[in-house]
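The values are calculated or read from the model by the stated rules, or taken from the named source; none is laboratory data. Keep in mind that what you see is a predicted model, and the values were worked out from it rather than measured. We place every Cβ from the backbone using ideal geometry, glycine too, and count neighbours over all the protein chains shown.
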Amino acid sequence: MIRIALIGCTGNIGAQVAETVRAYPEEFTFSALACGKNASGLSALAREFRPAVALCEEGTPELPASVKQVGSPEELFADCDVAFIAAGGFAGLRYTLAAAEAGRKIALANKESLVCGGELVMRAVRETGAELIPVDSEHSAIYQALGCRREGTFSRLVLTASGGPFLRLSEGELKKVTAKDALRHPTWSMGAKITVDSATLLNKGYEVLEAKWLYETELSKIGAVVHPESIVHSLVYFQDGAALAQLGYPDMRLPIQLALTAPARMACCKPLDLAEIGALHFERLPEERFPCFRLALQAGEAGGTCPAILNGAGEEAVRAFLNGSISFPQIAETIGDALAGIPREETATYAALKEADVRARERARHFIYGK
Ligand code: MG
């Protein structure tokens, strides 16, 4: 029985983890459940799965008597086999750090943990021998192509990108798109924040940074290519020109389940029918029309607290776009302003990252609302 501490249990990925546990009740159980604000969602899951402990950051869940409410990430990971980090945004970092410091096996679905806190997280992973398994579909594909490992003698990593719903739009057309348009992702069904990040290609920039830390390589060795069908989930290139990829229908259940069982596999998704799919297409990433991709890479190259500034401003900008306060191109403008205007700290301690996150949000709100 694999005991899972699930952080972000009421979000989109969290719900799919719960589905996996329901599909294999003999194999998986929840030892801990945690969420941000959705107290009633947590209460329902706690009644169903009866974890030993639960945590709700804001709000008062109604928990069964057998479920102990705890207040710190450390208590969630005290007794589990896998720490599944499915919380969204910068908020996920402190859980990933706590799990890494506890030396746990970590199924990582929160990309901000590595984007913002890569250095900190990887240091803790090295020190404690914690195991890091990617859940992001692209990184899971690379992990699988490397034989369910993070190490390999590859020469290059290439992430595939669906290109999002606005791939074909001109700069003029991009000024007029709405939140509703952005939330119509062509291939993947995800939460609102990441769906908008997919449309701006900020998500793909994040994933390049995430791959740099996971596979301990340089940014110059990581590329991205548009692949609208989302069937090839990413590729690993080797010195002799060989490329290995993982293929499958776009379905997060597979990387979620594999992160729990790797290197073992269990039945999960419908196998691919290539003849049914027909053609697969690939093209260059349209970086000129989607400046967020470049901004992410620049922040990654600068290092220190820059990625946290990028992320803090990005989270505020996406919220403002979703509530109709700014246009789609203004998401990139908001992030660019924060990166240009907030001094970078060289040493990315948790306190420095948190401070950068707060300052970036303040500056972004000022940029957007003028106050
Ligand atoms: Mg992804």
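Check the stretch 312-332 and report whether any residue there is in contact with a Cys (Cβ under 7 Å, 6 or more places away or on another chain) and either more than 19 Å from SER198 (Cα to Cα) or of a type in the set (A, V, I, L, M, F, W, C) (or both).
The answer is yes; a qualifying residue exists.
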- Query: Across the stretch 184-200, which residue is surrounded by the most Cβ atoms within 10 Å (Cβ to Cβ) among those that are more than 12 Å from the ligand (Cβ to nearest atom) and either among the basic types (Lys, Arg) or over 16 Å from ALA87 (Cα atoms) (or both)?
  - Reply: ALA199
- Task: Among the residues of the stretch 121-140, write down those that are in a helix (DSSP H, G or I) and either more than 17 Å from the chain's Cα centre (by Cα) or within 14 Å of the ligand (Cβ to nearest atom) (or both).
- Result: ARG123, ALA124, VAL125, ARG126, GLU127, THR128, SER137, GLU138, HIS139, SER140
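For the stretch 23-54, enumerate the residues that are part of a helix (DSSP H, G or I) and closer than 19 Å to ALA83 by Cβ.
Selection gives LEU42, LEU45, ALA46, PHE49.
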- Working only within the stretch 335-348, note down all residues that are touching a helix residue (DSSP H, G or I) at 6+ places or on another chain (Cβ under 8 Å) and surrounded by fewer than 24 Cβ atoms within 10 Å (Cβ to Cβ). GLY336, ASP337, LEU339, GLY341, ILE342, ARG344, GLU345, ALA348
- Index of the failed condition, PRO165 passing every other in (1) out of contact with any Leu (no Cβ under 7 Å at 6 or more places or on another chain); (2) closer than 30 Å to ALA352 by Cβ; (3) within 16 Å of the ligand (Cβ to nearest atom): (2)
- Message: So, in the stretch 269-286, exactly how many residues are touching an Asp or Glu at 6+ places or on another chain (Cβ under 8 Å) and either β-branched (Val, Ile, Thr) or surrounded by 12 or more Cβ atoms within 10 Å (Cβ to Cβ) (or both)?
- Response: 3
- Please tell me if PRO255 is surrounded by 23 or more Cβ atoms within 10 Å (Cβ to Cβ), at pLDDT 95 or above, farther than 29 Å from ARG289 by Cα and of a type outside the set (Lys, Arg). yes
- Item | Residue that is surrounded by the fewest Cβ atoms within 10 Å (Cβ to Cβ), among those in the stretch 55-97 that are part of a helix (DSSP H, G or I) and among the aliphatic types (A, V, I, L, M) | ALA91
- Residues that are over 19 Å from the mean Cα position of the chain (by Cα), surrounded by 18 or more Cβ atoms within 10 Å (Cβ to Cβ) and in a strand (DSSP E or B), drawn from the stretch 141-182: PHE154
- Task: Give the stretch 299-314 a look and list any residue that's buried (at least 16 other Cβ atoms within 10 Å of the Cβ) and at negative phi, or say none.
- Result: ALA299, GLY300, THR305, CYS306, PRO307, ALA308, ILE309, LEU310, ASN311, GLY312, ALA313, GLY314
- Item | Residue tally, condition part of a helix (DSSP H, G or I), of a type in the set (Val, Ile, Thr) and in contact (Cβ under 8 Å) with a residue 60 or more places away in the chain, over the stretch 183-219 | 4
- Name the single residue, out of those in the stretch 141-162 being within 13 Å of the ligand (Cβ to nearest atom) and β-branched (Val, Ile, Thr), that is farthest from HIS227 (Cα to Cα). ILE142
- Could you look through the stretch 105-120, keep only residues that are over 18 Å from ILE13 (Cα atoms) and buried (at least 24 other Cβ atoms within 10 Å of the Cβ), and pick out the one that is farthest from the ligand (Cβ to nearest atom)? GLY117
